[in-house]
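The values are calculated or read from the model by the stated rules, or taken from the named source; none is laboratory data. The structure displayed is predicted, hence computed values, not measured ones. Note: ideal-geometry Cβ built from the backbone for every residue, glycine included; neighbour counts use all protein chains shown.
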Amino acid sequence: MNFFNIILILTNMSFLISCQNEKAEAPQSAYSEVYRNQLHFSPEANWMNDPNGLVYFDGEYHLFYQYYPDSNVWGPMHWGHAVSTDLVTWQHMPVALYPDSLGYIFSGSAVIDHENTSGFGREGGPPPMVAIFTHHEPKGADAGTSTFQYQSLAYSLDKGRSWTKYEGNPVVPNPGIRDFRDPKVIRHNEEWIMVFAANDRVKFYTSPDLRNWTFQSDFGMGHGAQGRPWECPDLFPLVADDGIEKWVLIVSIGSEASNGGSGTQYFIGHWDGERFINDNDPTQVLWLDEGKDNYAGVTWSDIPEADGRRLFIGWMSNWQYAQVVPTTEWRSAMTLPRKLTLNNTKSGYRVLQTPVRELEQLRVQTLQLASGLIEEPLDLLAEISERSGLYELELTFQKPDSFPITITYGDGVGASIATGYNPVTQQFFIDRTFSGHSEFSKEFAGLHQTTRIDEMGDHIFLRIYIDKASIEVFANGGAPVLTDIFFPKTDFSDLEIIPSQGPISLVEGKVHTLKSMW
Ligand code: FRU
């Protein structure tokens, strides 16, 4: 530390932030439980999984989600609901969709039907917000039939506050496929496109009015990672940094993801109006996130053109252990909201993820690190006056030839979570082997590494968000990305850069302390 000059730039924004927070309804819970994340959305109580119905309308980002309001484990699915005007602070809303005679309400999407193609809107009223979701009929599932999942509609004429199920449900009946779910609907060329998952593939349908759907094509057999079942697809165009438009197809897979269990892959290609054509070799696998805890993520619909961002959020857990993690009042949180962009790299087109800029409002203090050689552990919090346990790091290193870059967050006496880059294997990693509780699942502890990165410039850039029970690592401007949850048994208040095998060179670095969103 003595060879390091640390310059403290204090930007105390507390006053500003507390004013902004006053608009949110006073929460019932103090949101101060030991593993309650402070930068990430979670339900006040009980079980949550996938984000659903992500849609923007009239100044509000809507986040619906798979929710079981009666228990902290999965059960009869409802759609929980929250709204935000800034993607950072969230207001909990009443449950939006309840199970009915057609079944539980499984995952799906929502759109604003601006032209009232569905006819659900009323003369002079706002355009309908239409939810497209899977009905899962539990008796049929238990009896071993194969027709218990089908796609249905509900609509709201009051900004998502109250909902009416369509009397003509289901709009896509089941032809006899056990896994037949998670519709994502988008508007393109004056028609609606629906993509949903069917066991080992996705199916595409089109419609003029959201009520009547025509099958177009299947995609996926033999393409990409084949862990089953395929779930929660998303389809959207993105203009890459070279000006070329590509279509991105996101597919979550329930097993055999990059580091085990459930995870999310994507394909790059084009949509010809009837089918998705993969640009790449079918054997190529592109992972959206190579940590263990980013699943079923999809993107917001109806982001205004003036904004133009493609915004994503995922469920920050893994089906291997989601139901047994050591929280009791509630279970699980969402990832940070992220902006997706596309870059034409030497290895091909790649989706990059960046935490949304709105998160900067959570910064309280910024500590600028001086550049130089790091030859002994560097305490990143030495000059920090208040250790909130909520941090954002922006670190640029000279790409090392042989010595790994390691950043550890721990209790200083053995327990920690580590992240960094290993130049020998050319992999980024998170190691949560010694991060605390893991006894609840043999799948939890471990080292999670990205695929080998062959093409890289002279610098390693890491943007890292640390919350009470999660870490998100955005490397090299947004790919690769690693998201992991962790459950410390002791007080973590040491944050260090460790030159574990030899000196590493820091080009530039900033440590931001953050404040709670609640
Ligand atoms: C993904 C998923 C979806 C399904 C939902 C049920 O996590 O299995 O395929 O719609 O969860 O809660």
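With the condition kept exactly as written, say whether any residue in region 367-386 is within 30 Å of ALA45 (Cα to Cα) and surrounded by 15 or more Cβ atoms within 10 Å (Cβ to Cβ). Checked against the condition, which is being within 30 Å of ALA45 (Cα to Cα) and surrounded by 15 or more Cβ atoms within 10 Å (Cβ to Cβ), region 367-386 yields no hits at all. Please work out if GLY75 is assigned to a loop (DSSP other than H, G, I, E, B), in contact (Cβ under 8 Å) with a residue 12 or more places away in the chain and within 16 Å of the ligand (Cβ to nearest atom). Judged against the criteria, GLY75 is a match.
Of the residues screened, PRO237 is one that is surrounded by fewer than 16 Cβ atoms within 10 Å (Cβ to Cβ) and away from the ligand (no atom under 14 Å from the Cβ). Do the conditions hold for SER146, that is, is it in a strand (DSSP E or B) and either farther than 16 Å from ASP113 by Cβ or in the same structural domain as ASP302 (by TED's automatic domain parsing) (or both)? It is false that SER146 is in a strand (DSSP E or B) and either farther than 16 Å from ASP113 by Cβ or in the same structural domain as ASP302 (by TED's automatic domain parsing) (or both).
Going residue by residue through region 492-504, is there one that turns out to be within 24 Å of SER262 (Cα to Cα) and crowded, with 20+ Cβ neighbours inside 10 Å? Checked region 492-504: no residue is within 24 Å of SER262 (Cα to Cα) and crowded, with 20+ Cβ neighbours inside 10 Å. There is no residue in region 431-443 that is surrounded by fewer than 18 Cβ atoms within 10 Å (Cβ to Cβ) and over 26 Å from the mean Cα position of the chain (by Cα). Hey, can you tell me all the residues within region 444-453 that are in contact with a Ser or Thr (Cβ under 7 Å, 6 or more places away or on another chain) and crowded, with 21+ Cβ neighbours inside 10 Å? Result: PHE444, single match.
For first residues located in region 474-500 and in contact (Cβ under 8 Å) with a residue 12 or more places away in the chain, partners that are in a strand (DSSP E or B) and among the acidic types (Asp, Glu) and lie 6+ apart or on another chain with Cβ distances below 7 Å form the pairs THR483/GLU472; GLU496/ASP379. Entry remark, region 267-283: residues being loosely packed, with under 15 Cβ neighbours inside 10 Å and farther than 10 Å from TRP247 by Cβ number 6 in total.
Looking only at region 148-200, residues that are under 18 Å from PHE106 (Cα atoms), within 16 Å of the ligand (Cβ to nearest atom) and without any contact (Cβ under 8 Å) to a residue 40 or more places away in the chain come to 5 in all. Residues in region 293-320 that are touching a strand residue (DSSP E or B) at 6+ places or on another chain (Cβ under 6 Å), more than 14 Å from the ligand (Cβ to nearest atom) and part of a loop (DSSP other than H, G, I, E, B): TRP300, ASP302, ILE303, ARG309. Restricting the first member to region 36-47 and to residues that are closer than 12 Å to HIS92 by Cβ, and the second to residues that are in a loop (DSSP other than H, G, I, E, B) and aliphatic (A, V, I, L, M), the beta-carbon pairs closer than 6 Å and six or more apart or on different chains are SER42/ALA333. Please tell me if ARG350 is over 21 Å from VAL239 (Cβ atoms) and either surrounded by fewer than 16 Cβ atoms within 10 Å (Cβ to Cβ) or of a type in the set (D, E, K, R) (or both). Taking the combined requirement at face value, the residue does not satisfy it. Here the strands (runs of 3 or more DSSP E) wholly within region 177-282 that include at least 1 residues being basic (Lys, Arg) and in contact with a His (Cβ under 9 Å, 6 or more places away or on another chain) are 181-188, 201-207, 245-253. In this structure, does ASN278 turn out to be polar (S, T, N, Q) and within 16 Å of the ligand (Cβ to nearest atom)? Judged against the criteria, ASN278 is not a match.
Taking first residues from region 302-320 that are in the same structural domain as PRO337 (by TED's automatic domain parsing) and closer than 11 Å to VAL356 by Cβ and partners that are within 16 Å of the ligand (Cβ to nearest atom) and part of a loop (DSSP other than H, G, I, E, B), the Cβ contacts under 7 Å between residues at least 6 apart in sequence or on separate chains come to ILE313/THR335.
This table checks each residue for (1) of a type in the set (Asp, Glu); (2) buried (at least 21 other Cβ atoms within 10 Å of the Cβ); (3) more than 18 Å from TYR31 (Cβ to Cβ).
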residue	(1), (2), (3)
ASP58	yes, no, yes
PRO69	no, no, no
TRP74	no, no, yes
LEU97	no, yes, yes
ASP100	yes, no, yes
GLY103	no, yes, yes
PHE106	no, yes, yes
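Do we find that HIS114 is crowded, with 23+ Cβ neighbours inside 10 Å and away from the ligand (no atom under 16 Å from the Cβ) in this structure? No; evaluated as a whole, the condition is false for this residue.
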